[in-house]
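Single-structure report; data block below.
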Amino acid sequence: MALRTLVSRKTLGPWSRFHQQIRGLQTFTLPDLAYDYGALEPAISAEIMQLHHQKHHQTYITNYNKALEQLDDAIAKGDASTAVKLQSAIKFNGGGHVNHSIFWKNLAPTSEGGGEAPHGSLGWAIDQHFGSFEKLIAKMNTEGAGVQGSGWVWLAVDKELKRLVVETTANQDPLVTKGASLAPLVGIDVWEHAYYLQYKNVRPDYLKNIWKVINWKYASEIYEKECP
Amino acid sequence: MSWSCSNYLCLSSSSSSSSSLISSHELTRVNSCNLSCEYKEQRRKDPINIVAYNGLKPPSYKLDKPQKRKNHALKKPNNISAYYSLKPPSYKFDALEPYMSKRTLEVHWGEHHRAYVDTLNKYLSKNDVLYGYTMDELLKVTYNNGNPLPEFNVAAQVWNHDFFWESMQPGGGNLPILGLMEQIEKDFGSFANFRQDFIESAMSLFGSGWVWLVLKRNEKRLAIATTTNAVTPLVWDDIPLLSLDMWEHAYYRDYKNDRVKYANVFMDHLVSWNAVLGRMARAQAFVNLGEPKIPVA
Ligand SMILES: [Fe+2]
Ligand SMILES: [Fe+2]
């Protein structure tokens, strides 16, 4: 996750630069993608990727930073009610940033291994918990299609129970809201902005096609790290 | 300001708070009654059907008001394939250009709205218990005290979209007229305040949902409400007067992620204050908004 301190922000005057520095508030910036916007075609169009990254993810980051600055101010002033009021904006925009940062890593062009089923310990764990790789995909497709309105469907590993689970979250709730010991392996965005321009209201088709560009190598690395 | 048109409108509407949709739903009920009689007739002649009919499994959940079943659940004939129809907007698809594109309406009405209608009909063909409810009853029962059944999400979206199409009109925008403006000024301070509240509420939604202008029955005042996903204020017994679809599919083709612009354009160029006025007049059959005006003798 890209982090940098407010100190480096050009827009701030010298006084506020100093002011921010002593408080050490960090803000977030848009992470780069490891592939071109058009590299996931035909599964996901370049137009969707570009808007999704440059507009949607950027807006979550902008509003997250804004909310964090306001929270910082509120705490400095001892203004508890404002601090509490900011929580929903922080959860939504911070969640949007966290979720999308994972999502970009979950995708890879077919030429770079996107869609290749996982081998090693993750592949084995999937067979053990879901019966087969195909059954896992079918389960995630069903759960993802069933999300009302906007949200996410996840393949996660429960670090304590050492087992794989499929979860859904509403809106931009991050996976951690479903359990502190859950680590996300694959998160699929089922907001309309993730597929509308290409798939209109046929979310199941989007879900069916996205598996062609899922980066299982990344998911395996996380799995091996979280569940050695 | 008195509502000179309200009596007339009340006479022509049914005793329900929904909009012009009623007529088509009532029709559906009438049809289903007729068909139901035919069915009973047929069943007498054809005992095999009885076995098949009685063999249907009851749903795995309990209805919130089981006694309603006796009153409303009609015997379902086997040959019904559609219960609700996809009602087209009262204007042409290109009539809201350039503020809402023809393509947006074609997809939003022709695919999203249609899919909600189709899925609802599919549910109703499988769920004997919900068969025969009016739309309002169906929404209240399937809302299930805030734990919506799958049927709720599609039924409410059918209702919401019918209501949304008629919340807009070509050449909309402008300002509310007559007593509606007075009521808005009374309850929001000014029209500008109302407008700002409405747009800020739209921006406060963290996901898919709707913004509404409602008339609150008990408080006897106008209010702005937001609902998430498919929820409609009908389930809280508020009377909806105006709605704005804030699902991404409603604006994505025309405005991408610029929700502020979409909401502002809706207010400036699309909202049908005529429709709101008519709904308000009907609503006043249920909510008394002021002292009656007694003509001077
Ligand atoms: Fe997204
Ligand atoms: Fe919609």
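The values are calculated or read from the model by the stated rules, or taken from the named source; none is laboratory data. Keep in mind it's a predicted model, so treat the numbers as computed, not measured. Heads up, the Cβs are rebuilt from the backbone with ideal geometry, glycines too, and the neighbour counts pull from every protein chain shown. These area figures cover heavy atoms from the full protein model, side chains too; ligands, DNA and RNA do not enter into them. Shrake-Rupley method; radii C 1.70, N 1.55, O 1.52, S 1.80 Å.
The table for this structure:
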| quantity | calculated |
| --- | --- |
| Residues with amide H under 5 Å from that of B:Tyr99, placed H, sequence gap 5 or more | none |
| Positive-end extreme of charge dipole, segment A:14-128 - chosen from A:Met49, A:Asn93, A:His119 (charges on Cβ) | A:Asn93 |
| Averaged over B:248-261, number of beta-carbon atoms from partner chains that fall within 10 Å | 3 |
| Contact order normalised by residue count of segment A:160-220, Cα under 8 Å, 6+ apart, percent | 23 percent |
| Nearest-20 debye value, segment B:146-248 charge dipole, Cβ charges on Lys, Arg, Asp, Glu | 240 debye |
| Local electrostatic count at A:Ser181 - Lys and Arg +1, Asp and Glu -1, tallied over other residues with Cβ under 9 Å | -1 |
| Under the Karplus curve 6.51 cos²θ - 1.76 cosθ + 1.60, θ = phi - 60°, whole-Hz ³J(HN,Hα) for segment B:198-207, x wherever Gly or Pro sits | 4, 6, 5, 5, 4, 6, 7, 6, 9, x |
| Test item: Cα-centred dipole of segment A:42-114, Lys/Arg +1 and Asp/Glu -1 on Cβ, debye | 140 debye |
| Candidate aspartates and glutamates - alpha carbon under 19 Å from A:Lys77, same-chain residues fewer than 8 apart omitted | A:Glu69 |
| Spatial separation of Cα centroids for segment A:136-166 and segment B:171-187, in angstrom | 47 Å |
| Full-extension gain in nm, A:Ala46 to A:Lys85, via 0.36 nm per residue minus C-alpha separation | 10.3 nm |
| Under 17 Å from the B:Val260 label point (7 Å along Cα→beta-carbon), backbone N, segment B:166-207 | B:195-206 |
| Residue-span extension gain [B:Glu111 to B:Lys126] - 0.36 nm each, minus C-alpha spacing | 3.2 nm |
| For segment B:118-167, with +1 on Lys and Arg beta carbons and -1 on Asp and Glu, the positive-most of B:Ser167, B:Gly146, B:Met135 along the dipole | B:Gly146 |
| B:Met246 long-range amide H proximity, modeled H, under 5 Å | B:Gly209, B:Trp210, B:Val211 |
| Most fluctuating residue given options A:His53, A:His100, A:His129, as computed from a GNM of chain A linking Cα atoms under 10 Å | A:His129 |
| Cut-off 13 Å between beta-carbons: net charge of the residues surrounding A:Ile126, Lys and Arg +1, Asp and Glu -1 | +1 |
| B:Arg103 accessible area, 1.4 Å probe, all protein chains in place, Å² to nearest 10 | 100 Å² |
| Prolate/oblate/rounded call for segment A:117-192, Cα gyration tensor, a/c under 1.5 rounded | oblate |
| Taking segment B:195-297 and dividing mean pair separation by its residue count, relative contact order in percent (alpha carbons under 8 Å, at least six apart) | 26 percent |
| Relative contact order (percent, whole number), chain A, Cα cutoff 8 Å, 6+ residue spacing | 21 percent |
| Label-point gap, in nm, between B:Ser85 and B:Asn144 - each point 7 angstrom along Cα→Cβ | 3.1 nm |
